[in-house]
Amino acid sequence: MTDRLIIFDTTLRDGEQSPGASMTRDEKVRIARALEKMRVDVIEAGFPVASPGDFEAVQAVAKAVKDSTVCGLSRALDKDIERAGEALKPANSSRIHTFIATSPIHMKMKLRMEPDQVVEQAVKAVKKARQFTDNVEFSPEDAGRSELDFLCRVLEAVIDAGATTLNIPDTVGYNVPEQFGSLIKNLRERIPNSDKAVFSVHCHNDLGLAVANSLSAVMNGARQVECTINGLGERAGNASLEEIVMTVKTRRDIFPCNVDHLETTQIMNCSRLVSGITGFPVQPNKAIVGANAFAHESGIHQDGVLKSRETYEIMRAQDVGWSANRMVLGKHSGRNAFKTRLKELGVEFESEAELNEAFGRFKDLADKKHEIYDEDLQALVTEANIEAGNEWLNLVSLRVCSETGETPDAAITLRLNEEEISAQSEGSGPVDASFRAIEKIIESGCNLQLYSVNNITSGTDSQGEVTVRLEKGGRIVNGQGADTDIVIASAKAYVNALNKIMEPVERAHPQKGEV
Ligand code: KIV
Ligand code: ZN
């Protein structure tokens, strides 16, 4: 029998460190429920000490999730560990993940600490974490650029102090597969008490090698991989969960461990959910979850696939949940069918009023679009949450005029702190005109960093899902909007981003700042 590979998902923590990808408490709970349905072993829900909002989100995930272990991140500091321990109290199974940097450059330039002090603080942190749970993970941050002897010293000491998982991060994505694999092998061989802990890896994708490095580590004895849905994460992202899982599953002939416990058919659901909530679209050629991943475009391939699927396909689309674009509901579907399908997608309503409100939105959508797919339902719930979170500014109405040979123009009415204000503007296109009209009212001073439109399903009646990324004073937010009219979806996304950027949030970043 091969070992089980522990899948540690950090979408809600490292994924959230992507620019503008911050998630609300309810959004985190929705994603955590979907991950639990996939039977992910560990869900890292956040960094509780970062802000009261982060604390509440970790606590809410700890309450909602029953089958997966819920983990909270903490620096190697008493106050961080205490907050993590407190937030995780409601969990059936909890883990505290504590870390401190061990590379010469991080110790000298960031921590301004001597190596001896780092060892001492790491040991102290692990002992402190053990006061809250028996399940303690320790990470030597920037292990990929740390000295081997020093890493061995720190890791041996933290195992003695009670760490049960040793996570080796390639924090800056600097390693290459062979090198990273031998690092894991060397650590396991050289640390005298290495058999007392599970070795884990956490790879960043700066050189596009996060998945390859993680898998090389697995070949060399790592039995936990930290990864994220769609490879979301700081900078170029983390190793993608779907790629790790499907590689180990598809190439079970060569891997010394398995992911048989995972419900891989939930992968697409999680992918769409994370993309919709964070506003990070999935590129069409992304492995496993991209729109083209199982589309056999060329005639030769189609012919081969029709004769025998295995000629060009190494895995089945349905094994990762690609039953996409299946019509699930329509205009005549009742409340019960609506509620049941959403429950299957991991969405439950807290009150009858909430259900009624969502059902009203569904009926409006079904009037415009006859076939409603899972993707539409997910977007509908995301949209409802977004609008509920728009406390300051809302879109009341928009009229755009676009005609060949004429300059497009937009007339918009916004509700700003209960007062309705209208403005009109021309622009180079209807979206540009709408954004300019909004800015005539708000004068936000924000820089538009990204504007992207995606169709949620196929067909010209599909809803467009728009992401707008705004920057102001170094802070970055993503706003989202969905509608069958993409100009309206764009205005909704812009309004959502403005709501987020105007809201002051004091939030610590786990890997920057003081220790
Ligand atoms: O990339 C990294 O080193 C991290 C640690 C906090 C594990 O995210
Ligand atoms: Zn990371």
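The values are calculated or read from the model by the stated rules, or taken from the named source; none is laboratory data. Owing to the predicted nature of the structure, the values given are computational and were not obtained by experimental measurement. Here Cβ is always computed from backbone atoms with ideal geometry, including for glycine, and neighbour counts include all displayed protein chains. These accessible areas exclude ligands, DNA and RNA; they are computed on the full protein's heavy atoms, side chains included. Shrake-Rupley method; radii C 1.70, N 1.55, O 1.52, S 1.80 Å.
Which shape class, rounded, prolate or oblate, goes with the range 335-386 when its Cα gyration tensor gives a ≥ b ≥ c as root eigenvalues, a/c under 1.5 marks rounded, and past that a/b bigger than b/c marks prolate?
Details: a/c = 1.43, a/b = 1.30, b/c = 1.10.
Because its axes are fairly even, with a/c under 1.5, the range 335-386 counts as rounded.
Got a sec? Charge dipole of the range 368-515, +1 on Cβ for Lys and Arg, -1 for Asp and Glu; which of I442, S422, S490 is way out at the positive end?
Among I442, S422, S490, the one farthest towards the positive end of the dipole of the range 368-515 is I442.
What FRET efficiency do you get for S351 and H261 if R0 is 45 Å and r is their Cβ-Cβ distance, rounded to the nearest 0.05?
Rounded to the nearest 0.05, the efficiency is 0.85.
With the alpha-carbon atoms as the only input, what is the per residue convex hull volume for the range 392-501 in Å³? Write down the numbers at each step before the final one.
Numbers: hull volume 10.4 nm³, N = 110.
Cα-based convex hull of the range 392-501, divided per residue, equals 95 Å³.
How far apart, in nm, are two points set 7 Å out from the Cα along the Cα-to-Cβ line at E443 and at A508?
So the two model labels end up 3.8 nm from each other.
With a 1.4 Å probe and every protein chain left in place, tell me how much accessible area I314 has, in Å² to the nearest 10.
The value for I314 is about 140 Å².
Using a Förster distance of 35 angstrom, determine the FRET efficiency expected from the C-beta separation of R252 and E419, and round it to 0.05.
0.05
Could you work out how far the C-alpha centroid of the range 223-243 sits from that of the range 422-446, in angstrom?
37
Order of 124-130, 350-356 by packing, highest average Cβ count within 10 Å first? Write down the numbers at each step before the final one.
On the way: 124-130: 21.6, 350-356: 10.6.
Going from most to least packed, we get 124-130, 350-356.
Cα centroids of the range 248-274 and the range 83-99: how far apart, whole angstrom?
26
How large is the Rg to Rh ratio of the range 3-278 when both quantities use alpha carbon positions and Rh follows Kirkwood?
0.93
Applying a 10 Å radius around every beta-carbon, put 172-183, 25-36 in order of their mean neighbour count, most first.
25-36, 172-183
In whole Å, what is the distance between the alpha-carbon centres of the range 115-158 and the range 175-190?
Cα centroid of the range 115-158 versus Cα centroid of the range 175-190: 18 Å apart.
Trypsin sites (Lys or Arg not before Pro) within the range 317-372: which are DSSP loop residues with at most 15 other Cβ atoms inside 10 Å?
Working: sites: R326, K331, R335, K339, R341, K343, R361, K363, K368, K369; in loops: R326, K331, K369.
Qualifying residues, ordered by number: R326, K331.
Based on Cβ point charges of +1 for Lys and Arg and -1 for Asp and Glu, what charge dipole magnitude is obtained for the chain about its Cα centre, in debye rounded to the nearest 20?
Dipole of the chain, to the nearest 20 debye: 1040 debye.
Run the helix sum for the chain: -39,500 (n - 2.57) per DSSP H stretch of 4+ residues, divided by residue count, reported at 222 nm to the nearest 500 deg cm²/dmol.
Taking each H run of at least 4 residues, the total per residue is -12000 deg cm²/dmol.
Which of the pairs K63/K110; K124/K512; K79/K249; K66/K492 have their Cα atoms more than 32 Å apart in this structure? Let's see the in-between values first.
Details: K63/K110 35 Å; K124/K512 21 Å; K79/K249 40 Å; K66/K492 35 Å.
Distance filter (> 32 Å) returns K63/K110; K79/K249; K66/K492.
Just read off the accessible area of S402 with the full protein assembly in place, 1.4 Å probe, to the nearest 10 Å².
The value for S402 is about 80 Å².
Which GluC sites (Glu not before Pro) from the range 435-515 combine a DSSP loop assignment with at most 14 other Cβ atoms within 10 Å?
For GluC sites (Glu not before Pro) across the range 435-515 that sit outside H, G, I, E and B with at most 14 neighbouring Cβ atoms in 10 Å, the list reads E443, E506, E514.
Mind computing the radius of gyration and Dmax over the alpha-carbon atoms of the chain? Å is fine for both.
Considering the chain through its Cα atoms, Rg and Dmax are 24.0, 77 Å.
Once the piece of chain linking K472 and E391 is laid out straight, how much longer is it, given 0.36 nm per residue of separation minus the C-alpha distance between them?
So the extension gain works out to 27.2 nm.
Report the FRET efficiency, 1/(1 + (r/R0)^6), for A287 and D432, where r is their Cβ-Cβ distance and R0 is 41 Å, rounded to 0.05.
According to the calculation, E is roughly 0.75.
Can you give me the relative contact order of the range 392-501 as a percent, contacts being Cα pairs under 8 Å and 6 or more apart?
Dividing the mean separation by the residue count of the range 392-501 yields 20 percent.
About the Cα centre of the range 3-278, how large is the charge dipole given +1 on each Lys and Arg Cβ and -1 on each Asp and Glu Cβ? Please answer in debye to the nearest 20. Please report the intermediate quantities before stating the final value.
Working: 34 positive and 39 negative charges, 82 e Å.
The calculation lands at about 400 debye.
Modelled label-to-label distance, E310 and A236, 7 Å Cα→beta-carbon offset: nm?
So the label points at E310 and A236 sit 3.6 nm apart.
Report the accessible area of E263, computed with a 1.4 Å probe over the heavy atoms of all protein chains in place, in Å² rounded to the nearest 10.
Only protein atoms counted, so the area is about 80 Å².
Is the range 236-275 best put as rounded, prolate or oblate by its Cα gyration tensor, with a ≥ b ≥ c the root eigenvalues, rounded for a/c under 1.5, and otherwise prolate when a/b is larger than b/c, oblate when not?
Values: a/c = 3.13, a/b = 1.59, b/c = 1.97.
Here the range 236-275 falls in the oblate category.
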